[in-house]
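Read the structure below first, then the notes.
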Amino acid sequence: MRWRGVPLDVLLAGSGVALDLLTTSHAGDTKYLPAETNVPMALLAGLPMGLVRRWPVPVTLYLGVLLVVTDQLGSFTSNTAQILVCVALGVVGNQSSWRASAVAVAATIVATAINIADPGIALTAGSWMYSFLLPVFPAALGAYLRNSAGRLEERDVTPDALLAAGGVAITVLSTWTSWHSGTQPVWVVGLLAVVGGLSLGIARRMPGLVFLVQGVLLLSADTYLNDAVNTCVILTLIAIGVFAMRVASWAWTAAAYFAGSLLTAIAVVGDDTHVTPFRVGVLMTLVATPIAIGRYLGMRQAAVAAERLGAEESARAAVAQVRADQLAERERIARDVHDVVAHHVGAMVLRAGAARYTAPDGPVADALTDIRETGHQVLQDLRDLLDLLREPERQPHLLANPADVVRESAERMAAAGLVVDLDLDPATDQAPLIARTSAARIVQEGLTNVLKHAGPGTRVRVTVAPAGEGLSVEIRNGPPPTTLERLPSSGRGLAGMRERVRALGGTLSAGPDGEGGWLLAASLPARSAV
């Protein structure tokens, strides 16, 4: 069940009326008003709370005016108006701009000061402080909750601190003038007031224990300090509301309701109180109000938690779907590459092999042998690449030592016509495998580029040496010896090398060396940056 809109407004209005009827149940005739006006005054004070969510500032100003009027008439409804105007200020701070909040707070400070001041007596410094802090606190609390909406988590102690501070403010500000009027020492009464307020700080964590503590304090105040009974009733109702919010069991909620009704009845019903069905209904409604609000907030929190959990599940499902789509796309790419490239390369290897057996010994036979062996190597590398596309988590299989790959590449390019001078430092074997493998691939691609763009007869010097914990690769070629008919090129070789080096967190540079040749230099760190 989710309470929304009008039902919540009706609940707020009913709570305001019930609160005033409870606080004025013992009130008789006053100098200006007879006892029969208690019910109309309760309606005037409580019903506007039904509009406080929509028009918080006008309701706050209205309650401030009502506070002044009822104070001048001597009506006990002024106590209810003082409480309700603070509630309205909390809504103002939560929903309105700072200018509107400032106007509402200033008007309430004036109304509170008039309510506190006795006729003919000037306000003291303490009274001014009380008049200022009482309206400012709920407005500041509402503004804070607005700014921190959605950030209060179970681990966050901010709501607990606010409950504790609010509890201490209620108990101390409303009872400190009567601490000396009881039979107990002042320090004992003050300590119990502070403890009672602070206990609200653990109400969210241990709602049952706090409700029990508030019940004990209420019974103690009813016995030893009657002036603090109303304050203890308010704390008990707050504890019941938090209990209903945190405990999902309806059975325990019903038990808390009956216990709260009994405690409230013990506190407000005296020997001379005339018990009527109307007053019983008011008392039961008053206790039911915080329970209804607590259940509503608890259901809202549960709904938000369920929505958050659903969003997380949806996000995980979306990630899994993207992952599945990526794997499917990888599988499709692998299949297409195998069907196209492997077919043609395989046919090339077969033809080179067949031609090798029919060709006489010499340079042609050596070239055909080299084509066949290179094709076999390409097919094996292609199979490993396709396996990696199909299973990204699979560790790629290393077919040969990277140093042997470098030497084989130099020999193959020398057989193709390049004049290769290889300087491979033996200490490179101590470098990490990923760096050595990447260096071998760069040497392969770099020598292929030299053959494409400079042609046979070009002198090339290849240097692979340790650099710190990683490796440095340098491929420097001289100018082409003759006019070159360039081979077809996709232009992606250099970009692929850059991506490979960048994945390791290294650097790669390529460009003219200033002597008519070309210089390719790469630095490969020991650890990948990704």
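The values are calculated or read from the model by the stated rules, or taken from the named source; none is laboratory data. This one's a predicted model, so the numbers in the text were calculated from it and none came from an experiment. Here the Cβ is made from the backbone with ideal geometry for all residues, glycine too, and neighbour counts use every protein chain on show. Calculation scope for accessible area: heavy atoms of the full protein, side chains included, ligands and nucleic acids excluded. Shrake-Rupley method; radii C 1.70, N 1.55, O 1.52, S 1.80 Å.
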TODO: Whenever you get a sec, compute what percent of the accessible area on the stretch 204-255 sits on carbon and sulfur atoms (1.4 Å probe).
DONE: 68
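Would you mind working out the magnitude of the charge dipole of the stretch 434-475 relative to its Cα centre, with +1 at each Lys and Arg C-beta and -1 at each Asp and Glu C-beta, to the nearest 20 Debye?
Values: 5 positive and 3 negative charges, 35 e Å.
I would put it at about 160 debye.
Pull out the extension gain between His274 and Asp421, defined as 0.36 nm times the separation in residues minus the alpha carbon to alpha carbon distance; nm, one decimal. Each step should come with its number before you reach the end.
On the way: separation 147, 0.36 × 147 = 52.92 nm, distance 11.36 nm.
Residue separation times 0.36 nm, minus the Cα-Cα distance, leaves 41.6 nm.
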- [ ] Between Val188 and Ala324, with labels modelled 7 Å along Cα→Cβ, what's the label distance in nm to one decimal, could you check?
- [x] 7.1
Task: Inter-probe distance in nm under a simple model that places probes 7 Å from Cα toward Cβ, at Ser249 and Ala35 - done: 4.3
Task: Förster-model FRET efficiency, 25 Å R0, Ile202 and Asp9, C-beta, rounded to 0.05 - done: 0.20
Open item on the list: Around Phe243, under 11 Å between beta carbons, what's the net of Lys plus Arg minus Asp minus Glu among the other residues?
Closed with: +3
Open item on the list: For the stretch 37-121, I need the span (max minus min coordinate) of the C-alpha atoms along each principal axis, in Å, sorted largest to smallest.
Closed with: 36, 30, 14
- [ ] Could you calculate the FRET efficiency of His344 with Arg316 from 1/(1 + (r/R0)^6), where r is the beta carbon distance between them and R0 is 30 Å, rounded to 0.05?
- [x] 0.10
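Between Thr223 and His376, 0.36 nm times their residue separation minus their Cα-Cα distance comes to what? The partial results should precede the final answer.
Working: separation 153, 0.36 × 153 = 55.08 nm, distance 9.93 nm.
So the extension gain works out to 45.2 nm.
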Open item on the list: If I model a spin label as a point 7 Å beyond the Cα along the Cα-Cβ vector, how far apart are those points for Leu212 and Phe132 in nm?
Closed with: 4.3
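Computed FRET efficiency, Cβ-Cβ of Ile333 and Arg459, R0 22 Å: what is it to the nearest 0.05? Please list the in-between numbers first.
Values: r = 39 Å, r/R0 = 1.77.
Once the sixth-power term is evaluated, E becomes 0.05.
Percentage of Cα-Cα pair distances in the stretch 252-303 greater than 15 Å, rounded to whole percent? Can you show the working numbers first?
Numbers: 705 of 1326 pairs.
The answer is 53 percent, as a whole percent.
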- [ ] Report the paramagnetic label zone for Arg502: residues of the stretch 430-444 whose backbone N is under 11 Å from a point 7 Å from Cα along the Cα-to-Cβ axis.
- [x] none
